[in-house]
Amino acid sequence: MAICSSAISTETAALPLHLREATPADIPAIATLYAYEVRERVATYEYDVPDEAEMARRMRDVMAAGYPYLVAEVDGQFAGYAYASSYRSRIGYRWTVEDTVYIEPDFQGQGIGRALLQALIEACEAKGYRQMIAVIGEPANAASVILHEKLGFQTVGVFRGLGRKHGRWLDTVQMQRALGPGDADAPSNE
């Protein structure tokens with residue numbers, strides 16, 4: 001099912017962007033992008049690269065729980081992915097989701113992350129979620145902080161030295177955005 005198709009304007013050209021629900025066929029591309037993030041960056045605090053079977057299991061778990069899992073394509077080429085998942089497992093948190101967004105390095109800075117995150121927000125609102133949390137692995141990840149700010153997230157805290165990777169301590173930014181009416185009223189499915 002297509003989420004949306006549109007052109008994303010960049011400084012150099014308009015990109016024909018297609019957002020859709022992820023499928024098992026996307027696992028090789030998702031696993032490759034995630035492996036790069038694990039090896040080269042600190043957005044994820046994982047040390048060991050998960051294999052395709054593990055990434056497929058993770059996708060199945062997210063989708064089986066009813067959370068949206070989206071893929072972005074530009075001219076049919078995989079450009080990134082995003083999904084929502086449980087913020088915490090206790091029942092009192094069931095209206096709160098955490099977002100995850102990863103963009104292929106060649107497609108970063110072209111509006112794809114914004115399109116994916118906006119579609120993810122809309123999908124979560126349609127499912128009745130009331131809050132979205134972004135856990136950003138390091139304040140120096142300015143692109144992620146700015147992306148979230150542009151879509152209405154506010155920084156609610158920074159955990160100092162919460163994780164360690166590549167031989168250094170990492171701070172973690174927590175950002176939050178209301179979905180739909182947020183906490184203005186009680187959910188209908190309480």
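The values are calculated or read from the model by the stated rules, or taken from the named source; none is laboratory data. Quick caveat, the model's predicted, so the values are computed rather than measured. Glycine gets a Cβ as well: all are built from the backbone with ideal geometry, and neighbour counts include every protein chain shown. We work out accessible area using only protein heavy atoms, side chains counted, and drop any ligands, DNA or RNA first. Shrake-Rupley method; radii C 1.70, N 1.55, O 1.52, S 1.80 Å.
With each label modelled as a point 7 angstrom along the Cα→C-beta vector, the E21-D185 pair spans 2.9 nm.
Just check region 34-110 against the gyration tensor rule for me: Cα atoms, a ≥ b ≥ c as the square roots of the eigenvalues, rounded for a/c under 1.5, and otherwise prolate or oblate depending on whether a/b exceeds b/c. Since a/c reaches 1.5 and a/b is larger than b/c, the shape of region 34-110 is classed as prolate. Considering only H166, H148, H18, the Gaussian network model of the chain with Cα springs below 10 Å gives its largest mean-square fluctuation to H166.
Longest segment of the chain with no trypsin sites (Lys or Arg not before Pro) in a DSSP loop having at most 12 other Cβ atoms within 10 Å? Don't skip to the end; give the middle numbers.
Numbers: sites that count: R88, R90.
That gives 91-190 as the longest site-free run.
For region 8-80, chymotrypsin sites (Phe, Trp or Tyr not before Pro) are listed when DSSP marks them as loop and at most 10 other Cβ atoms sit within 10 Å of their Cβ; the list is Y47. Rounded to the nearest whole Hz, the Karplus-based 3J(HN,Hα) values (6.51 cos²θ - 1.76 cosθ + 1.60, θ = phi - 60°) of region 32-41 follow the sequence 5, 5, 5, 4, 4, 4, 5, 6, 9, 10, with x at glycine and proline.
In the chain, helical runs assigned H by DSSP with n ≥ 4 each contribute -39500 (n - 2.57); averaged across all residues and rounded to the nearest 500, the mean residue ellipticity at 222 nm is -8500 deg cm²/dmol. Taking 0.36 nm per residue of separation and subtracting the current Cα-Cα distance, fully stretching the chain between S85 and Y36 would add 15.5 nm. Computed from point charges on the beta carbon alone (+1 for Lys and Arg, -1 for Asp and Glu), the dipole magnitude for region 6-139 about its Cα centre is near 700 Debye.
Per-atom-type breakdown for region 87-147 gives carbon and sulfur 49% of the accessible area (1.4 Å probe, protein chains only). Subtracting the Cα-Cα distance of A126 and E149 from 0.36 nm times their residue separation leaves 6.2 nm of extension gain. Centre-to-centre, using Cα atoms only, region 39-58 and region 122-148 are separated by 20 Å. Computing Cα Rg over 2.2 N^0.38 Å directly from the structure and comparing it against [x] 1.26; [y] 1.05; [z] 1.01 singles out [z].
May I ask for the net charge around L19, where only other residues with Cβ less than 13 Å from the Cβ of L19 are counted and Lys, Arg are +1 while Asp, Glu are -1? Mind showing how you got there, number by number?
On the way: positive: R20, R114; negative: E21, D26, E73, E122.
Once all neighbours under 13 Å are counted, the net charge is -2.
The simple spin-label model puts a point 7 Å past each Cα toward its Cβ; for A65 and A142 those points are separated by 3.3 nm.
Each Lys or Arg adds one and each Asp or Glu takes one away; over the other residues whose Cβ falls under 14 Å from the Cβ of W95, this sums to +1.
Using a 1.4 angstrom probe, figure out how much accessible area the chain has per residue, in square angstrom, rounded to the nearest whole. Working shown, then result.
Working: 10040 Å² over 190 residues.
For the chain, the solvent-accessible area averages 53 Å² per residue.
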